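Here is the structure we will look at.
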Amino acid sequence: MKGQVNLLRRVFLRASLACCALPLAGCSGDGPRFHNIDISGASYGRDFELLDPDGNTRRLADFRGKAVMLFFGFIYCPDVCPTALLRAAAVRRLLGTDGERLQIIFVTLDPERDLPEILREYSAVFEADVLGLYATPEKIRETADAFRIYFRKVPTGGGYTIDHTATSYVYDPEGRLRLAVPHKSTAESIASDVALLLRPSSTTNKEAR
């Protein structure tokens, strides 16, 4: 376990440097309502049924009343996954007190190595409300397909890595899929979009119905 924790720390430090290098978002009053990709009304990514590190079954409905940012990845990912989670944690901070109404969820694509206790340790590294979820390999494949997440194992000299879709998804407090967030998006642009979704009288929430 000590070696795994040290690995997590090294990944965290590398990702911190990468995250700091992301460009700042430009905001224009003439631009679209959302900075990220509006996929309101999408027919996919409607729900999941996965396990948290304590073995409890979790579904999207468990987070009703909060915005949810969902990302699929794996713990041994050297840069993309930790950078995405660091960015999500930054979004939470940028939201101020509203950050408590954003749930960050990390779904592992590598349940064979990302065991529950390791998943718990990894999530805690990001100092945010990150919930790691897992399931059997078969269930993870089924869930990834339902969310249009591509992934495949790629052999390496010492084992394997995983190629996968790096898009994050954002749900509004009613549990509706609203945004697809590219990996290149900044924390500032995402925070601006999430703030819109959290407004109870926002027309953006009415438009999704």
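The values are calculated or read from the model by the stated rules, or taken from the named source; none is laboratory data. Here the structure is a predicted model, which is why all the values come from computation and not from measurement. Ideal geometry is used to build each Cβ from the backbone, glycine not excepted, and the neighbour counts take in all protein chains shown.
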From (1) under 21 Å from Gly175 (Cα atoms); (2) modelled with pLDDT of 95 or more; (3) in a loop (DSSP other than H, G, I, E, B), pick out the condition that doesn't hold for Asp114.
(1)
So Glu117 clears everything in (1) surrounded by 17 or more Cβ atoms within 10 Å (Cβ to Cβ); (2) in contact (Cβ under 8 Å) with a residue 40 or more places away in the chain; (3) more than 12 Å from Phe74 (Cβ to Cβ) except one condition, right? Which one?
(1)
Contact list please: Cβ distance under 6 Å, first residue in the range 174-202 and within 19 Å of Gly45 (Cα to Cα), second residue of a type in the set (Lys, Arg) and not in a strand (DSSP E or B), pairs at least six apart or on different chains.
Gly175/Arg64
Among the numbered criteria (1) in a helix (DSSP H, G or I); (2) over 17 Å from the mean Cα position of the chain (by Cα), which single criterion is violated by Arg120?
(2)
Picked from the range 156-169 (must be of a type outside the set (Gly, Ala, Ser) and at pLDDT 95 or above), the residue surrounded by the fewest Cβ atoms within 10 Å (Cβ to Cβ) is Asp163
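Being in a strand (DSSP E or B) and surrounded by 21 or more Cβ atoms within 10 Å (Cβ to Cβ) is true for just one of Ile105, Ile75. Which residue is that?
None of the other options fit; the residue is Ile105.
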Could you go through the range 128-150 and let me know if any residue there is without any contact (Cβ under 8 Å) to a residue 40 or more places away in the chain, in contact with a strand residue (DSSP E or B) (Cβ under 9 Å, 6 or more places away or on another chain), surrounded by 15 or more Cβ atoms within 10 Å (Cβ to Cβ) and closer than 17 Å to Val68 by Cα.
yes
Could you tell me how many of the residues in the range 91-102 are assigned to a helix (DSSP H, G or I), among the hydrophobic types (A, V, I, L, M, F, W, C) and surrounded by fewer than 23 Cβ atoms within 10 Å (Cβ to Cβ)?
1
Could you please let me know if Ala88 is surrounded by 20 or more Cβ atoms within 10 Å (Cβ to Cβ) and aliphatic (A, V, I, L, M)?
yes
Pair list, Cβ under 8 Å, 6 or more apart: the range 36-48 residue part of a loop (DSSP other than H, G, I, E, B), other residue basic (Lys, Arg)
Ile39/Arg178; Ser40/Arg176; Ser40/Arg178; Tyr44/Arg148; Gly45/Arg148; Asp47/Arg59; Phe48/Arg58; Phe48/Arg59
